[in-house]
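One structure is given here, and the rest of the page talks about it.
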Amino acid sequence: MLITICDDKNSLGAIAAEKGATFIREAIKERGECNAAFVTGKSQIATLKALAEEKDIDWSKVNVFLLDEFIGLEKGHKASSSTFLYEYFLNLIPGVNSFHAICPDEDKVDQTIKELNKVMENHHLDCAFICIGENGHLAFNDPPANLDTRDPYIKVTLEDRSRRQQANEGWFKNINEVPREAITMSIYEILMSKHIIISCPDQRKAKAVAMCVFDDITPLSPAAVVRRSQDAYLYLDRLSACLVFSDQRKY
């Protein structure tokens, strides 16, 4: 895993987007299409904005997947991953080849997962744009995460720390409004991506970043699993990197 420390979240977003754009272009050149997955949240806005401004990407050859979605949200809710990705990315670029939204209907969870998993059989990820949650989760794989399943998408129960983060970011009025369950791409499927771009700014992510870099790889530290990736890039700003690198100079 290659770690890059940037001055601020905007420069982080620009550098992460440039690297991700390179992988998207490579996949299109090599195979005629690219399969890319995206996580959502405030930490991703700078990266998505910069990626939308990248030149010479034929978006009509890109298949877009979501990493997760809450179960039970009404259509158009601001916390919906689909709503977010349209607002901050999809509406800013030419039409993509396909966008595989995750249906949030709680009465269709099993059907939704079955359909998504069938699609993934023929859509191996070229690039995944992800982040690390404040509790160390990847997508909505909260600790203790299922590291054994080989299913591309699974149903999960959200940890209270994860739900509290959603409320603190302003997506919900309080934690009681945050759904307790979600559909998420599994740890295994994320790791199968040929390239992984991790955009992780802000001091509130510092402990999770340290977990990613230093913790043993266990279900209690999902973020640490990215060290097993064949090609992962962790982008930090000075705030999120504060517990990873410190000034060791002696005066």
Taking region 138-251 and dividing mean pair separation by its residue count, relative contact order in percent (alpha carbons under 8 Å, at least six apart): 29 percent
Reported label for calculated semi-axes √(5λ) of the Cα gyration tensor in Å given (i) 25, 23, 18; (ii) 35, 23, 19; (iii) 38, 24, 19: (i)
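Taking 0.36 nm per residue of sequence separation and subtracting the Cα-Cα distance, how much length would be gained by fully extending the chain between Asp7 and Asp56, in nm to one decimal?
15.0 nm
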Within-15-Å neighbourhood charge of Asp216 [Cβ basis; K, R +1; D, E -1]: +1
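Is the shape of region 20-167 best called rounded, prolate or oblate, per the rule: a/c under 1.5 gives rounded, else a/b larger than b/c gives prolate, else oblate, with a ≥ b ≥ c the square roots of the Cα gyration tensor eigenvalues?
prolate
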Amide H contacts under 5 Å for Phe129, placed H, 5+ residues apart: Ala37, Phe38, Val39, Ile197
Distance in nm between pseudo-label sites at Phe214 and Phe99 (7 Å out along the Cβ direction from Cα): 4.1 nm
Sum of side-chain charges, Glu181 neighbourhood, beta-carbon under 10 Å (Lys, Arg +1; Asp, Glu -1): +1
Listed peptides 161-173, 34-46, 111-123, 215-227 by packing density, highest first (mean Cβ within 10 Å): 34-46, 215-227, 161-173, 111-123
Cβ-defined net charge surrounding Ala139, 11 Å radius [Lys, Arg +1; Asp, Glu -1]: -4
By average C-beta atoms within 10 angstrom, highest first, the peptides 143-155, 77-89: 77-89, 143-155
Overall form of region 1-89 per C-alpha gyration tensor (a/c, 1.5; a/b vs b/c): oblate
Probe 1.4 Å, all protein chains present, accessible-area order of Lys75, Lys61, largest first: Lys75, Lys61
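The values are calculated or read from the model by the stated rules, or taken from the named source; none is laboratory data. Predicted model, so just to flag it, every value in this text is computed and none were measured. With ideal geometry, Cβ positions are generated from the backbone for all residues, glycine too; neighbour counts draw on all protein chains shown. We work out accessible area using only protein heavy atoms, side chains counted, and drop any ligands, DNA or RNA first. Shrake-Rupley method; radii C 1.70, N 1.55, O 1.52, S 1.80 Å.
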